[in-house]
Amino acid sequence: PDGNQVEVMLRLPREQRARIEQMVKLPVAFSKDGAPITLDQVASIDSVFNPEVIRRENLQRREAVFAAVQGRPSGDVNAEVQKLIKSTQVDGAGKQQAEAFNGLLAAMGLAVIFIYIVLASQFGSFLQPIAIMASLPLALIGVMLALLLWRSTLNVFSMIGLVMLMGLVTKNAILLVDFANHARKAGATVAEALREAGLIRMRPIIMTTAAMVFGMLPMAIALNDGGEIQAPMGRAIIGGVITSTLLTLVVVPVLYSYLVRDKKPAARPVAEGGTALPLHGMPSVMPVDKG
């Protein structure tokens, strides 16, 4: 009466639909004179075996084989399976993992390119970004060591952490190079600028690194339920940040000293008595090695 449509489904009792012979005489329609039309008059019924679930891919049927791996990385097991059945195309977690790895490697490549473009435009140099980006491979050392110590594998989550490190580890080198550039503009030599940059910028570098490590520590130790899945990402970030921080303070200044040359000595302000005024935190007279 209210205009709403209600779908009504009818079902025979279980004892009337237990055998095929009962289904054959099931009336499906009625003629004009009221005579029932049974199912065997309009269709033939045969007993066949069908799967409970039919899976399709690209409108074609497919079969799925699932297996669990224990004690070994799934990538190694999938490689052995592919060797055994080269004539058969095998899909599943192995193929999805390979596709994910290829996508993450492409993302890492694009990240490196964009980082170089941004740094080159900001510093106005094509050489100084090379010294800054030298900290990127240094993070890879810490990632591998951290995964080895925690007995984790290089999976999708650890690769995501590696992509995140592309932007995190360059900040320490940027602090050093930017301060060194300002010191050189003030008249310091490359050696003086790098020494002053290491002394002054070490504290903020250590503070930011410690904050990142302690922030990722709950994820790395997997305190919550199901956290073991995402734990490799935190472990990779912690290892990469620590090693890149320690090695950046050594490698980046060395590369910077090779890539950047000293400018011609500029005149410094002279105080009364004829003594040149030193830069902030820098000695007015550099020590001379005695032969």
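The values are calculated or read from the model by the stated rules, or taken from the named source; none is laboratory data. Note that this is a predicted model, so its numbers are computed, not measured. What goes into the accessible areas is simple: the full protein's heavy atoms, side chains included, and nothing from ligands, DNA or RNA. Shrake-Rupley method; radii C 1.70, N 1.55, O 1.52, S 1.80 Å.
Suppose all protein chains stay in the model; what accessible area per residue would a 1.4 Å probe give for the chain, in Å²?
On the way: 20650 Å² over 291 residues.
Dividing the accessible area of the chain by its residue count gives 71 Å².
Which of rounded, prolate, oblate describes segment 102-152, given a ≥ b ≥ c as roots of the alpha-carbon gyration tensor eigenvalues and a/c under 1.5 marking rounded, otherwise prolate only if a/b is larger than b/c? Before the final figure, lay out each step's value.
Working: a/c = 4.78, a/b = 1.89, b/c = 2.53.
It comes out oblate by the Cα gyration axes.
The long axis of helix 170-185 is offset from the longest Cα principal axis of the chain by roughly 30 degrees. Just one of (1) 35.0, 130; (2) 23.1, 71; (3) 22.4, 75 is Rg and Dmax of the Cα atoms in Å calculated from these coordinates, so which is it? Matching the structure shown: (1). Can you give me the angle between helix 74-84 and the longest principal axis of the chain, using Cα atoms only, in degrees from 0 to 90, rounded to the nearest 10? So the inclination is approximately 60 degrees. Surface composition of the chain: carbon plus sulfur atoms contribute 61% of the solvent-accessible area (1.4 Å probe, protein chains only, all chains present).
Which value does Rg/Rh take for segment 121-194 over its C-alpha atoms, Rh per Kirkwood?
Numbers: Rg = 16.1 Å, Rh = 14.2 Å.
My calculation puts Rg/Rh at 1.14.
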